[in-house]
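Peer 1: To start, I am sharing the structure in question, which I have written as structure tokens.
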Amino acid sequence: MKKVIAMLLVLSMVVVGATVFAREEPVIGESGYELYRGYDLGGITIDFWNFITGEDNKTLTRWVNKFNEENPYGVTINQDSMDGSVLSQKLPVALASNTGPQMTMGGVDIPAFADQGMILELSDIFEYTDLKREDFIDGLLDITSYEDGLYGIPFYIGATFMFWNKDLYRQAGLDPEQPPETWDELYANSVAISALGDEYYGLNFAWGLHFSIYDVMANFGGKIITIDEDTGLYKNELYSDENLEALGFWQNFYKEGLNPVDASDNLFYSGIIGTILAGPWAGGIARNEYGLDVGFGLAPGAKAGNYYFCACINMNITNNAKTFEEILACYVWMSYWNTPEPCIDFSLENSTPVYLVPAAGDERITSNADIAAMSNFEGRTAWNWIPVGFTYGSDVIEQMLSLFEALALGGDLETSLKTISDNVDEIIEEANAKRIADGKATAP
């Protein structure tokens, strides 16, 4: 089903199984195309740079073509797909020289680009389209917001998924249809599977999967970087009792031999791992290419839910959109994509979760056990491990990866965490100096 985009007096209609534009007594502008909410968008072409270059590009291209053929407003989306590294290098230069696209997906650091005026605030998209904030899963739009403004509209999302070898679950006396819902349950299952023999491991949780380890920390009550509401200054909360407990729990999987130090997807595919935490690709490969009987779901939570790290791949409107009509043309495409039909189609074809509440309840999703399990965000809140305005994230990630590697190799937890926390203090000090200089915080 699709929510219809039309001008103010136009009613919506529901069409099952297809996405269409429908309108009643359309008003035609001078361009010969239907007005969009009183504005003539006829003949506007929106350049749309993105990093969708794999098999998922086929889905994107099909929907772009469908949009170009069906929208009655004369808007054309000209998509240009390129490697993510190329986009990241090319985009800032193009925007600075006014030769870039009006819309992009990828290549954008929201706080940095927003501060420099290179991407536009989008909150009024809910006034000029039929999109509603409540159509998106809990917390998702917070991830694409900055300084109380919305700067990105979702295209698809990524999270940490859990896949389990049902055969090993059966051999260990576990219910293959009942995956672990909490980290404690995952630990208990891992112990049972590792007990099958020296060649077996209960868990494949690579230390490089750092965002997922942040989930463990969050679900134990730990934090990494927060912002003081009174002063506007960043705070380093890495060294805490909560994080010591969480990381000690995670490190025990390695210490007790439940998780291989050289954890990799291939070990799971070989049939010696009970459960793997990985991206959405792992389950399909294990089943389709290696013949494993695999269960699909989200990574565990605190008590069957709570926080999870959600990577929102979002679309942004750039400062190269020079007119309000061009902005509206971007809105028309963004709202078209964020209707159930494209969301469901992209999910089913590319094994990604659906993030629209109306799409999650669609029979095509609920009847697909794998996608439904990966889209079950009920009781969970999408979150980010740093304040959205923090622009030193890559520096902190480098420190966190060093910490996780040290712990996986058996390093002393308290010493390692204190050392990395001290390093993060230096990063925070630099970040706060800039924040004070920019007038966004007051000195202590």
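No lab work stands behind these numbers, since they all come straight from the coordinates. It should be emphasised that the depicted structure is a prediction, and the values quoted were computed from it without experimental measurement. Positions of Cβ are backbone-derived with ideal geometry, glycine not excepted, and every protein chain shown enters the neighbour counts.
Peer 1: Got the relative contact order for the stretch 123-214 handy, in percent, Cα pairs under 8 Å and 6 or more residues apart?
Peer 2: Computed over the stretch 123-214, the figure is 14 percent.
Peer 1: Could you tell me which of the pairs Lys235/Lys434; Lys235/Lys418; Lys90/Lys132 are separated by over 24 angstrom between their Cα atoms in the structure shown? Spell out each step's value before the answer.
Peer 2: Values: Lys235/Lys434 14 Å; Lys235/Lys418 15 Å; Lys90/Lys132 33 Å.
From Lys235/Lys434; Lys235/Lys418; Lys90/Lys132, over 24 Å: Lys90/Lys132.
Peer 1: Can you classify the stretch 370-430 as rounded, prolate or oblate using the Cα gyration tensor, where a ≥ b ≥ c are the square roots of its eigenvalues, rounded means a/c under 1.5, and otherwise it's prolate if a/b beats b/c and oblate if not?
Peer 2: oblate
Peer 1: Using the Cα centre as the reference, give the magnitude of the dipole from point charges on the C-beta atoms of the stretch 309-399 (Lys, Arg: +1; Asp, Glu: -1; all else neutral), rounded to the nearest 20 debye.
Peer 2: 200 debye
Peer 1: Using alpha-carbon pairs under 8 Å, 6+ residues apart, how would you state the relative contact order of the chain in percent? Mind dumping the intermediate values first?
Peer 2: Details: 819 pairs, mean separation 94.7, N = 444.
Reported as a whole number, the value is 21 percent.
Peer 1: Filter the GluC sites (Glu not before Pro) in the stretch 321-430 down to the DSSP loop ones having no more than 15 other Cβ atoms within 10 Å, then list what survives.
Peer 2: Values: sites: Glu325, Glu326, Glu349, Glu363, Glu378, Glu398, Glu405, Glu414, Glu426, Glu429, Glu430; in loops: Glu378.
In loop regions of the stretch 321-430 (DSSP not H, G, I, E or B), the sparsely surrounded GluC sites (Glu not before Pro) are Glu378.
Peer 1: What does the charge dipole of the chain about its Cα centre add up to, to the nearest 20 debye, if the Cβ of each Lys and Arg holds +1 and the Cβ of each Asp and Glu holds -1?
Peer 2: 700 debye
Peer 1: Taking Lys440 as the anchor, which aspartates and glutamates have their alpha carbon closer than 17 Å to its alpha carbon, excluding any fewer than eight residues away along the same chain?
Peer 2: Asp115, Glu147, Asp148, Asp228, Glu229, Asp230, Glu429, Glu430
Peer 1: Taking every pair of Cα atoms in the chain, average 1/r, invert it to obtain the Kirkwood radius, and report Rg/Rh to two decimals.
Peer 2: When Rh is taken as the Kirkwood radius, the ratio is 1.00.
Peer 1: Note down the net charge around Asp293, summing +1 for each Lys or Arg and -1 for each Asp or Glu among other residues with Cβ under 10 Å from its Cβ.
Peer 2: +2
Peer 1: If you don't mind, another one. How would you classify the stretch 210-369 from its alpha-carbon gyration tensor, with a ≥ b ≥ c the square roots of the eigenvalues: rounded for a/c under 1.5, else prolate if a/b is greater than b/c, otherwise oblate?
Peer 2: In terms of gyration-tensor shape, oblate.
Peer 1: What full-extension length gain, to one decimal in nm, is calculated for Thr61 and Glu177 as 0.36 nm per residue of separation minus the Cα-Cα distance?
Peer 2: 38.1 nm
Peer 1: In what order do Arg170, Arg287 fall by count of nearby beta-carbon atoms within 10 Å, going from fewest to most?
Peer 2: Arg170, Arg287
Peer 1: Then there's this: Just to check, using Stokes-Einstein with a Kirkwood Rh over alpha carbon pairs, what's the diffusion coefficient of the stretch 103-213 at 25 °C and 0.890 mPa s in µm²/s?
Peer 2: Working: Rh = 17.8 Å.
Estimated via Stokes-Einstein, D reaches 138 µm²/s.
Peer 1: Further question: Hey, got the dipole for the stretch 206-321? About the Cα centre, +1 on K and R Cβ, -1 on D and E Cβ, debye to the nearest 20?
Peer 2: It comes to approximately 260 debye.
Peer 1: Based on other C-beta atoms within 10 Å, arrange Phe67, Phe126, Phe163 from fewest to most.
Peer 2: Numbers: Phe67 19, Phe126 15, Phe163 30.
Ranked by crowding around the Cβ, least crowded first: Phe126, Phe67, Phe163.
Peer 1: Can you sort Leu407, Leu233 so the residue with the fewest Cβ neighbours within 10 Å comes first?
Peer 2: Leu233, Leu407
Peer 1: Output the direction-averaged projected area (hull surface divided by four) of the convex hull of the alpha-carbon atoms of the stretch 291-370, in nm². All intermediate terms of the calculation are to be shown ahead of the outcome.
Peer 2: On the way: hull surface 31.7 nm².
Average projection, Cα convex hull of the stretch 291-370: 7.9 nm².
Peer 1: Would you calculate, for the chain, the mean residue ellipticity at 222 nm contributed by helices, counting each DSSP H stretch of 4 or more residues as -39,500 (n - 2.57) and dividing by all residues, to the nearest 500?
Peer 2: The per-residue figure over the chain is -11500 deg cm²/dmol.
Peer 1: Based on the alpha-carbon gyration tensor of the stretch 40-185 and its eigenvalue square roots a ≥ b ≥ c, which shape applies: rounded if a/c is under 1.5, prolate if not and a/b is larger than b/c, or oblate?
Peer 2: It is prolate, given that a/c is not under 1.5 and a/b is the larger ratio.
Peer 1: So how much slack lies between Ile436 and Thr415, counting 0.36 nm per residue of separation and subtracting their Cα-Cα distance, in nm?
Peer 2: That pair, Ile436 and Thr415, stretches by 4.4 nm at full extension.
Peer 1: Then there is this: Along the charge dipole of the stretch 183-293, Cβ charges K/R +1 and D/E -1, which of Asn252, Ser194, Val216 sits furthest on the positive end?
Peer 2: Farthest towards the positive end: Ser194.
Peer 1: Give the aspartates and glutamates whose C-alpha is closer than 12 Å to that of Lys166, dropping any in the same chain fewer than 8 places away, or say none.
Peer 2: Asp175, Glu177, Asp293
Peer 1: Any idea which of Asn368, Pro179, Met162 is furthest toward the positive side of the dipole for the chain, if Lys and Arg beta-carbons carry +1 and Asp and Glu beta-carbons -1?
Peer 2: Asn368
Peer 1: Moving on to the next point. Give me the percent relative contact order of the stretch 106-177, please, defined on Cα pairs under 8 angstrom at least 6 residues apart.
Peer 2: Relative contact order, the stretch 106-177: 24 percent.
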